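> Please find one structure pasted underneath; my questions will follow.
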Amino acid sequence: MLEGRDLSIAFGGVRAVAGVNLRVERGELAGLIGPNGAGKTTLLRLLTGVLAPDSGSVRFEGRDVTQMPIHRRAQLGFVLTHQIVRPFRDMTVLDNVMVAAATQVTLRPWRALVSVDTRPARLRAQALLARLGIADAADKPARSVPLGYLKRMQVARALALEPRLLMLDEPLAGLNYTEAARFADLIAQLNAEGITIVLVEHNLGEVTRIARRLLVLHNGAVLAEGVPRDVMARHDVRDAYLGADQDAVAHA
Amino acid sequence: MDYYLSVATFAALNVILALGLNLISGFCGQVSLGHAAFYGLGAYGAALCSVAGLPMGLSVAVGMMVAGAFGILTGFAALRVREDFLAIVTMGVGFLFLGAVRKQAWLGAEMGIAKIPSPLDKWGYAMLAIGGAVALLLLSLHVRRSWMGRAFGAVAQDEDAARSIGIDVSGYKIAAFFIGTAAAGLAGGIYAHMTQLIVPDAFNFVQSVTILAMVVVGGIGSTLGVVAGAVLLTLMPEMFRFINDYKLLVYGGLLLAVMRFSPEGLAGLVHRWTGRRLA
Ligand SMILES: Nc1ncnc2c1ncn2[C@@H]1O[C@H](COP(=O)(O)OP(=O)(O)OP(=O)(O)O)[C@@H](O)[C@H]1O
Ligand SMILES: [Mg+2]
């Protein structure tokens with residue numbers, strides 16, 4: 001479904017992503033892990049078009065999308081949620097999800113100008129908020145709700161786009177233990193419903209629980225790849241994490 | 001009577017200018033410090049057509065299109081630069097317009113264009129300007145309710161987030177610039193026919209700051225607030241003649257004061273006092 005070939009990018013002297021090849025198969029739930037600064041976020045940004053790679057290419061469903069703008073990829077169903085939540089702060093939580101639910105209408109500015117019917121988008125947004133358990137905050141301005149809500153709102157917004165491939169950058173960060181477990185269950189359930197998911201997470205306990213395949217990034221390159229149990233047992237993977245944060249491995 | 005009529009006409013023209021800028025800056029979040037240039041483009045475009053013998057309606061339409069076309073070009077510039085720099089780019093557009101017009105013989109250079117045909121009487125221009133202002137008011141209220149307004153809001157608040165939910169940020173910025181600058185062109189066309197004489201200085205930086213001050217004093221983003229701001233700042237120099245000599249100082253100071261003490265302008269005050277948000 002998604003294929004990144006030989007992707008590289010450098011910031012100044014830092015090779016944040018260096019020659020990464022990866023494939024994501026339709027229907028899978030893949031975990032992308034690696035210590036802080038490994039290049040996970042940067043890799044997602046290259047894949048979704050937030051950043052243009054110095055070299056390499058991205059194919060989505062057989063089509064080269066390397067040069068395609070982000071909003072077009074999002075319209076194709078290739079959607080990213082940001083590691084740092086990016087709500088529209090002055091809109092309500094409901095409005096945040098509604099704008100995403102209306103992409104068919106907002107596709108062309110001139111069409112958007114003559115469209116005032118908000119009902120279909122509102123109904124869909126309300127259903128998504130309910131599904132993510134944040135319906136009680138629907139009418140609050142996004143700037144005033146807690147992080148746990150914003151994290152879920154961001155996923156609701158992504159789901160409103162009816163994604164076929166969803167890339168989640170640390171959706172569990174900042175959630176407490178039970179919230180994280182429940183949210184991970186939801187992610188697994190979305191995957192079971194047919195959405196292909198790439199999950200970047202530091203919460204190794206939850207990723208190894210729900211992902212069927214792991215990809216380990218270290219210093220901008222793929223260090224290991226395979227089923228979670230095998231990958232986590234590898235010495236080089238443990239060493240990569242030990243250098244960065246021991247607790248994460250102990251936790252897994 | 002004539003005096004009141006002409007004040008009313010100028011107030012209406014300023015409403016058109018301010019609402020146009022509000023669409024760009026208030027709705028879509030794009031700063032513009034050169035709005036007077038589009039007012040001028042509309043005036044020059046319409047004046048040239050009228051002098052060449054075209055009927056006034058057609059001339060005004062051409063003026064709008066000329067302003068809108070340059071608005072689209074400016075919109076493309078807005079895609080390349082970030083917020084703070086856009087202020088400088090749009091200011092540059094304003095100076096570029098003035099610089100170019102002042103040097104072009106076919107545009108009358110410093111002397112401007114005189115003897116523009118004027119088919120209407122004072123009442124006619126007043127009705128035309130007020131009609132235009134009402135049309136723009138209704139358009140603004142409609143845009144705010146439409147999906148275009150919601151998408152503008154997303155672009156204004158966080159471009160990157162807007163992109164990642166599939167919004168064509170570039171398309172919306174260009175649309176905002178087109179509508180807002182074509183509106184300024186409309187005001188310019190009416191102005192040119194009414195005064196029968198246009199000179200470059202009518203569209204200078206002070207004029208741009210004046211329009212911006214109307215938007216900010218009224219409450220950036222609030223249609224009704226901006227209408228009030230435009231009317232108020234049109235009447236002020238009429239009541240206090242000395243303001244005319246210190247326009248840049250007075251309006252610049254007013255701008256800073258509002259941004260410091262009531263960033264949401266008159267609309268913000270109404271909200272604070274009555275608890276109601278102005279459209
Ligand atoms: N815009 C940027 N400019 C300069 N350097 C950057 C930029 N973005 C990322 N980097 C650098 O690239 C490297 C990879 O960063 P990245 O954010 O992709 O890591 P990550 O794996 O997502 O880390 P984390 O787990 O902390 O989120 C880091 O060294 C980072 O400092
Ligand atoms: Mg990251």
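The values are calculated or read from the model by the stated rules, or taken from the named source; none is laboratory data. Computed from a predicted structure; not experimentally measured. Positions of Cβ are generated from backbone atoms using ideal geometry, with glycine treated the same way; all protein chains shown enter the neighbour counts. Note: areas computed on protein heavy atoms with side chains; ligands, DNA, RNA excluded. Shrake-Rupley method; radii C 1.70, N 1.55, O 1.52, S 1.80 Å.
> Which aspartates and glutamates have a Cα less than 15 Å from the Cα of residue A:140, not counting those fewer than 8 places away in the same chain?
Excluding near neighbours in sequence, the set is A:90, A:95.
> Can I ask one more? Dipole size in debye (nearest 20) for the stretch A:87-160 around its Cα centre, Lys and Arg Cβ +1, Asp and Glu Cβ -1?
180 debye
> Could you check how much of the accessible area of chain B is carbon and sulfur, as a whole percent, using a 1.4 Å probe?
Ligands and nucleic acids excluded, carbon and sulfur reach 69 percent.
> Say each of residue B:142 and residue B:249 gets a label point 7 Å from the Cα, pointing the same way as Cα to Cβ; how far apart are those two points in nm?
4.4 nm
> Sticking with this structure for a sec: Tell me, which residues of the stretch A:84-119 get at least 50 Å² less accessible area when the other protein chains come in, versus the chain alone (1.4 Å probe)?
Relative to the lone chain, where solvent access is computed with a 1.4 Å probe, the stretch A:84-119 loses at least 50 Å² at A:86, A:88, A:99, A:106, A:109, A:110, A:113, A:116.
> Which one of A:98, A:115, A:156 is farthest out on the positive end of the charge dipole of the stretch A:87-160, using unit charges on Cβ (Lys, Arg +1; Asp, Glu -1) and the Cα centre as origin?
A:156
> Subtract the Cα-Cα distance of residue B:272 and residue B:232 from 0.36 nm times their separation in residues, and report this length gain in nm to one decimal.
Full extension of this stretch gives 12.4 nm more.
> Picking from A:231, B:154, B:196, whose Cα lies most toward the positive end of the charge dipole for the protein assembly as shown (charges on Cβ: Lys, Arg +1; Asp, Glu -1)?
B:196
> Students often get this wrong, so check it: of B:173/B:247; B:122/B:173; A:40/A:151, which have C-alpha atoms separated by over 28 Å?
Going by Cα-Cα distance, B:173/B:247; B:122/B:173 fall outside the 28 Å limit.
> Ratio of Rg to Rh for the stretch A:87-160, alpha carbon only, Kirkwood?
Here the Rg-to-Rh quotient is 0.98.
> Return one whole number: the accessible area per residue of the protein assembly as shown in Å², for a 1.4 Å probe.
On a per-residue basis, 43 Å².
> Ok, one more. Of the heavy-atom accessible surface of chain A (probe 1.4 angstrom), what whole percent is carbon and sulfur?
Its accessible area is 50 percent carbon and sulfur atoms.
> If you take the accessible area of A alone plus B alone and subtract the pair, what total do you get in square angstrom, rounded to 100, with a 1.4 Å probe?
By this definition, chains A and B bury close to 2500 Å².
> Assuming 0.36 nm per residue, please report the length gained on full extension of the stretch residue B:262 to residue B:134 beyond their Cα-Cα distance.
Result: 43.4 nm gained on full extension.
> When the chain is fully extended, how far beyond the present Cα-Cα distance does residue A:21 get from residue A:176, taking 0.36 nm per residue of separation?
That pair, residue A:21 and residue A:176, stretches by 52.4 nm at full extension.
> Suppose a student asked you for the relative contact order of chain A, using Cα pairs under 8 Å spaced at least 6 residues apart; what percent would you report?
27 percent
> Restricting things to alpha carbons, find the Rg to Rh ratio for chain B using the Kirkwood radius for Rh.
0.96
> Continuing with this model, one more query. Note down the magnitude of the dipole of the stretch B:230-279 about its Cα centre, charges +1 on Lys and Arg C-beta and -1 on Asp and Glu C-beta and zero elsewhere, to the nearest 20 debye.
My answer is approximately 200 debye.
> Please report the net charge: other residues with Cβ closer than 10 Å to the Cβ of residue B:152, K and R +1, D and E -1.
With Lys, Arg at +1 and Asp, Glu at -1, the neighbours total +3.
> A further question follows. So which lysines pass the test for residue B:115, namely a Cα distance under 26 Å, with those fewer than 8 places away in the same chain ruled out?
Excluding near neighbours in sequence, the set is B:103.
> Here's another thing I want to ask about it. At a threshold of 8 angstrom on Cα-Cα distance, excluding pairs fewer than six apart, so keeping six or more, what relative contact order does chain B reach in percent?
Relative contact order here is 33 percent.
> What distance in nm lies between label points placed 7 Å from Cα along the C-beta direction at residue A:127 and residue B:73?
My value for the distance between the label points is 4.9 nm.
> Please give the charge dipole size of the protein assembly as shown, origin at the Cα centre, charges +1 on K and R Cβ atoms and -1 on D and E Cβ atoms. Round to the nearest 20 debye.
That gives the protein assembly as shown a dipole magnitude of about 640 debye.
> Next question. In nanometres, what is the gap between the two model label sites at residue B:3 and residue B:241, each 7 Å from Cα along Cα-to-Cβ?
1.0 nm
> Compute accessible area for the stretch A:48-82 by itself and then with all protein chains, 1.4 Å probe, and report residues whose area falls by 30 Å² or more.
A:70, A:71, A:82
> What is the stretch B:48-127's relative contact order, in percent, from Cα pairs under 8 angstrom and six or more apart in sequence?
Computed over the stretch B:48-127, the figure is 28 percent.
> In the stretch B:126-157, what residues drop by 20 Å² or more of accessible area when the other protein chains are put back, versus the chain on its own? Use 1.4 Å, and skip ligands and nucleic acids.
Buried-area filter returns B:142, B:145, B:146, B:147, B:148, B:150, B:154, B:157.
> Of A:11, A:174, B:177, which is farthest along the charge dipole of the protein assembly as shown in the positive direction, counting Lys and Arg as +1 and Asp and Glu as -1 at C-beta?
Of the options given, the answer is B:177.
> While we're looking at this one, here's another question. Against the longest alpha carbon principal axis of chain B, how many degrees, from 0 to 90 and to the nearest 10, is the axis of helix B:247-261 turned?
Between helix and principal axis, roughly 10 degrees.
> On to the next question. Of all DSSP beta bridges located in the protein assembly as shown, what percent are antiparallel, nearest 5?
55 percent
> I've got another one for you. Round to the nearest 10 and give me the degree value, 0 to 90, for the angle of helix B:205-218's Cα axis relative to the longest principal axis of chain B.
On a 0 to 90 degree scale, this one is about 40.
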